[in-house]
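> Here you go, one structure.
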Amino acid sequence: MIIGRIVKSNSHVDYVCHVFGAGEMPETPTPRDYALGRFVRVPVRGEEQCIVGVIYDTLLLNPDFGNLGPRLSPESELEVFSPDYLTEKAVLVGIVALGMISWGLGEPTPYPQPSTPSHAMPILAPVVGAEVHVMAEQEMAAFHLEQGALRVGYLPRLASAQNPVLTEVLVRILADLERHFPEQSRRLALLRSNLSWKSRVEGLR
């Protein structure tokens, strides 16, 4: 499912996606589709590769906030008399890049399996307007497999970012991976516990 398009970047690994509103797509994304911790993929133009990222922030844009002046049209009539005003309201989500996957173009199946996952910092970047796709559960799990073994190579990079929200996102990711890889649950639970402890200790400083 496509939830929106890239509209800007804050850095090489930090992107902002404008979530589609009602009427912009046949299927309007629901809040669960762009919830905190949701895995997404963004195709790189001209490449059979996608940036894999996770949603870590939400920003609501409302042009009416702080506007105490009179309106020419009541809110119920804005769609008819001032349609441009409605389009100024938007939901933006922040996406941090975790790695890349090779992804064949024009795959016939709705959920093609990614290949050659990389958890290193991506060397390529998407362009403005690139579509943001929600990853299915099986796609997310496949991104964490390297030669049949579980891998979370981006964890040290995100854990060192000194961002409490990213730490919480990592804790949620590890909890999800426990469901997909029960044989690694003890190892994942230990990592999750260490991250939670680190977050609590740093919050006391």
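Computed from the coordinates by the stated procedures, all read-outs in this text should not be read as laboratory data. All values reported here derive from a predicted model rather than from experimental measurement. Here the Cβ is made from the backbone with ideal geometry for all residues, glycine too, and neighbour counts use every protein chain on show.
> Determine the sum of side-chain charges near residue 18: Lys and Arg each +1, Asp and Glu each -1, restricted to other residues whose C-beta is under 10 angstrom from that of residue 18.
For residues surrounding residue 18, the net value is +1.
> Once the principal axes of the Cα atoms of region 118-198 are found, what is the range along each, listed largest first in whole angstroms?
Taking max minus min along each principal axis of the Cα atoms, region 118-198 gives 40, 31, 20 Å.
> If R₀ is 30 angstrom, what is the calculated FRET efficiency for the pair residue 197 and residue 147, using the beta carbon separation as r and rounding to 0.05?
Between residue 197 and residue 147 the formula returns 0.45.
> Now, a different point. May I ask for the net charge around residue 130, where only other residues with Cβ less than 12 Å from the Cβ of residue 130 are counted and Lys, Arg are +1 while Asp, Glu are -1?
Net local charge, residue 130 excluded: +2.
> Where Lys and Arg each count +1 and Asp and Glu each count -1, what net charge lies around residue 155 among other residues with Cβ under 15 Å from its Cβ?
+2
> Based on the Cβ-Cβ distance from residue 165 to residue 48, what FRET efficiency comes out when R0 is 35 Å, to the nearest 0.05?
Once rounded, the FRET efficiency stands at 0.65.
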